[in-house]
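Notes for the one structure printed next.
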Amino acid sequence: MKKLLSFFPALLALALLTGFVADPTGYQVGDKVADFKLKNVDGKMVSLADDKAVKGYIVVFTCNTCPYAKAYESRIIELHQKYAPKGYPVVAINPNDAATVPGDSFAEMKARASSKKYPFPYLQDETQQVARTYGATRTPHLYVVTRQGSDFVVSYIGAIDDNSEDAKLVKTKYVEQAMTDLLAGKPAATNSTKAIGCTIKWKKS
């Protein structure tokens, strides 16, 4: 595990230096997103339209089992604690196929959310259609969506920051920089970065 984590900063720096173009089959910055209705760990169905007061959402595709997702777990909770009061709560979505990765089953999601005291919804994308529509490929893979009238529009896509190994060594907080711009009424100066994480475990055809 330590050896794997030691590669994280180098991998992240390489990916960011080589540039990033969002998956062309998914959403790009500026696109309107389709709403979804997914089951939360409390058994209730959740959609973006549920909260009429929000300014937007921080949508994170994540999971229980990926080392990268685990490394970012506390930082995702901190994003919610910082930005939910400002109108941008976190919505976490697990896109992994539970048949392929039993540790990402709904029962295990419920256990993880309870043990870590998630303050945000943790939704199961059982059909994986939401992840495919967004163009998510990794866990974690983050999208900031901002309300425009009755729609939500993609404002940022990519990584949370530039160090998945150690939060104390982060130099650039991509999401926080984007949120500072958005809350000031400006577009994010950096609106896309390379998502670094485990590949989503798709259903076997």
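The values are calculated or read from the model by the stated rules, or taken from the named source; none is laboratory data. Predicted model, so just to flag it, every value in this text is computed and none were measured. In this analysis, Cβ positions are derived from the backbone assuming ideal geometry, glycine residues included, and neighbour counts consider all displayed protein chains. These area figures cover heavy atoms from the full protein model, side chains too; ligands, DNA and RNA do not enter into them. Shrake-Rupley method; radii C 1.70, N 1.55, O 1.52, S 1.80 Å.
Some notes on this structure:
- Scan segment 174-196 for residues that are surrounded by fewer than 18 Cβ atoms within 10 Å (Cβ to Cβ) and closer than 18 Å to THR62 by Cβ and the total you get is 1.
- Every residue from segment 101-137 that is of a type in the set (D, E, K, R), over 14 Å from the mean Cα position of the chain (by Cα) and in a loop (DSSP other than H, G, I, E, B): LYS116, LYS117, GLU126
- For segment 32-56, the candidate set comprises residues that are surrounded by 18 or more Cβ atoms within 10 Å (Cβ to Cβ) and in contact with a helix residue (DSSP H, G or I) (Cβ under 6 Å, 6 or more places away or on another chain); within that set, the residue that is farthest from ALA178 (Cα to Cα) is VAL41.
- Residue in segment 67-86 that is under 18 Å from the mean Cα position of the chain (by Cα) and part of a loop (DSSP other than H, G, I, E, B) present: no
- Matching residues, segment 96-155, being small (Gly, Ala, Ser) and over 22 Å from LYS32 (Cα atoms): ALA98, ALA99, GLY103, SER105, ALA107, ALA111, ALA113, SER114, SER115
- Every pair of residues 6+ apart whose Cβ atoms lie under 8 Å, when the first sits in segment 135-151 and is at negative phi and β-branched (Val, Ile, Thr) while the second is at pLDDT below 95 and surrounded by fewer than 24 Cβ atoms within 10 Å (Cβ to Cβ): THR137/ASP23
- In the set ASP162, ASP151, only one residue is in contact with a Lys or Arg (Cβ under 7 Å, 6 or more places away or on another chain) and open to solvent by 50 Å² or more (accessible area, probe 1.4 Å); that residue is ASP151.
- From the list GLU73, GLU126, the one residue that fits, being of a type in the set (D, E, K, R), under 23 Å from THR180 (Cα atoms) and surrounded by fewer than 20 Cβ atoms within 10 Å (Cβ to Cβ), is GLU73.
- Taken over segment 45-74, the criterion of being more than 15 Å from PRO89 (Cβ to Cβ) and basic (Lys, Arg) is satisfied by LYS70 alone.
- Close pairs (8 angstrom Cβ cut-off, 6 or more residues apart or separate chains): modelled with pLDDT of 95 or more in segment 92-113, open to solvent by 50 Å² or more (accessible area, probe 1.4 Å) and part of a strand (DSSP E or B) anywhere: PHE106/LYS39
- Any hit, segment 130-140, residues being β-branched (Val, Ile, Thr), more than 19 Å from TRP202 (Cα to Cα) and crowded, with 24+ Cβ neighbours inside 10 Å: no
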